[in-house]
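Quick notes on the structure that follows.
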Amino acid sequence: MDKLFAQKNLMREDALRKRNNLSLAETQEFSSRINAKLMELGPVLKAKSIMGFASIKNEVDLSWFLEKMKTKGKTILLPRVEENENIVAVEFKGWEYTASGPFGIKEPVGPAFPAEEIDVILVPGLVFDPHGYRLGYGKGYYDRFLSRGKTPTFFCGICYEFQLVENVFPHEGDVVLDWIVTEKSEILINGDFF
Ligand code: ADP
Ligand code: MG
């Protein structure tokens with residue numbers, strides 16, 4: 001195992017440990033602040049379609065925001081992991097139309113939505129840096145999904161403040177985000193969407 005790989009895994013483990021230690025009250029408070037910030041974000045207001053994620057294990061809970069956006073008539077999408085280990089975006093029509101996926105994450109049923117037609121993608125992750133790079137769970141799901149074309153899609157990283165580090169030591173396949181939101185701060189990486 002090379003040194004960089006080990007270092008990245010330490011960062012992942014550290015973030016996971018801190019996240020696991022959050023109380024229910026903390027995850028709710030932080031999530032609610034993040035949901036509120038997303039409601040006012042320019043690219044979100046303009047978006048016709050928004051891809052979020054269904055949270056597990058103390059991840060930021062976006063359900064309030066996603067449901068609110070749905071009632072405003074926006075197309076809401078959630079990721080689904082396919083047999084070939086790739087992510088597709090599928091329309092979220094309500095929690096009753098979801099099934100538990102490979103990691104116990106709720107995934108919508110139905111056809112895949114064209115990735116190039118998504119206006120905003122909210123990207124989960126374990127660790128983020130101020131240059132817009134992130135570490136996921138180490139399987140590259142989002143890198144593969146997002147690198148299929150940087151059409152004018154706004155990539156917004158979602159995490160808690162303690163998941164920010166100075167440098168995640170990105171590699172070539174890592175996709176750059178345009179914006180990162182935590183309960184405490186917002187990081188602008190690419191201003192083209194405002
Ligand atoms: P994560 O982003 O989940 O933290 P990594 O960035 O380390 O994980 O990627 C894990 C693996 O996923 C890589 O070793 C590589 O095999 C694959 N991968 C990452 N980015 C891409 C990409 N853009 N295209 C294809 N495969 C990729
Ligand atoms: Mg990566």
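The values are calculated or read from the model by the stated rules, or taken from the named source; none is laboratory data. For clarity, every value in this text was computed on a predicted model and none was experimentally measured. Cβ: placed from backbone, ideal geometry, glycine included. Neighbour counts: every protein chain shown. Accessible surface areas use protein heavy atoms only, side chains included; no ligands, DNA or RNA. Shrake-Rupley method; radii C 1.70, N 1.55, O 1.52, S 1.80 Å.
Computed values, structure above
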| read-out | value |
| --- | --- |
| Accessible area (Å², 1.4 Å probe, nearest 10) - residue 44 | 0 |
| Tensor-based shape of segment 1-94 (alpha-carbon gyration tensor, a/c under 1.5 rounded, otherwise prolate or oblate) | oblate |
| About the Cα centre, charge dipole magnitude for segment 1-136 (Lys/Arg +1, Asp/Glu -1 at Cβ), debye | 380 |
| Cα-projected label distance for residue 85 with residue 16, points at 7 Å along beta-carbon direction, nm | 1.7 |
| Relative contact order (%) - the chain, alpha-carbon pairs under 8 angstrom, separation at least six | 20 |
| Listed residues 175, 99, 122: farthest to the positive end of the dipole of the chain (Cβ charges) | 99 |
| Shape call, segment 61-194: gyration tensor on alpha carbons, a/c limit 1.5 | prolate |
| Those lysines that a straight Cα-Cα span of less than 30 Å connects to residue 72, excepting residues fewer than 8 apart in one chain | 37, 46, 48, 57, 93, 106, 150, 184 |
| Given charges at beta-carbon only (K, R positive; D, E negative), |dipole| of segment 70-114 in Debye | 380 |
| Total formal charge among the other residues, if their Cβ is under 15 angstrom from that of residue 69, Lys/Arg +1 and Asp/Glu -1 | +3 |
| Fully extended contour minus Cα-Cα distance, from residue 185 to residue 166, at 0.36 nm per residue | 5.4 nm |
| Peptides ranked, highest mean first, by Cβ atoms within 10 Å: ranges 160-171, 116-127 | 116-127, 160-171 |
| Among 64-72, 5-13, the order from most to least packed when residues are scored by Cβ within 10 Å on average | 64-72, 5-13 |
| Cα gyration tensor shape for segment 103-164, rounded if a/c is under 1.5, else prolate or oblate | oblate |
| Farthest positive-ward along segment 2-193 dipole, Cα basis, beta-carbon charges - from 152, 52, 138 | 52 |
